[in-house]
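Okay, structure first, notes after.
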Amino acid sequence: MDRIFDDLFERIREMLIDAILNNIAGTFATFVEQTEAAAAILENTPASFNPTVYNMIYSLSMAVIMPIAVAIFAIIIAYELMSMLAERNSFENFDMYSFLIWTGKIVIGVILLTNVFNIIEIIFTVGAAAVTGGSTYLTGGALDFEATFVAFEAAL
């Protein structure tokens, strides 16, 4: 009688192990497929993803947003110069170091404003490279799922 229960429990155990391994294998396969699909979409830069929308956004950025940003930057720089002059008693206690810092702020601001679209494009390109590298790692065989399954089955 014990032999029958042992055989029954062994059959149930084998069925459960097979079900668990099939479920995990299906989950990993689905994960890899979805990662490949997401990587195919995300590895595109905005210019290559939809060129017409990219060109529209670029032209709007340069024609509308950039002049507004330059006006705001000019107001901030003018206010900072006026407050610096008022603080220094209208050139009486004025040191050249403050003027050099103010000039440096202008140079950095102009460089950032003129290259803001390029900076955003670089961020997208770095993100696309990271997604491509990650998906290549997952789907290129760097992870050995078969060895993991064998070890997992042995542990069960």
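The values are calculated or read from the model by the stated rules, or taken from the named source; none is laboratory data. Just so it is clear, the model here is predicted, and its values are computed rather than measured. So basically every Cβ, Gly included, is an ideal-geometry build from the backbone, and we count neighbours across all protein chains shown.
Residues in segment 49-101 that are assigned to a loop (DSSP other than H, G, I, E, B), loosely packed, with under 10 Cβ neighbours inside 10 Å and not small (Gly, Ala, Ser): Asn89, Phe91, Glu92, Asn93, Asp95.
Regarding segment 23-44, can at least one residue be identified that is modelled with pLDDT under 85, of a type outside the set (Lys, Arg) and outside any helix (DSSP H, G or I)? The answer is yes; a qualifying residue exists.
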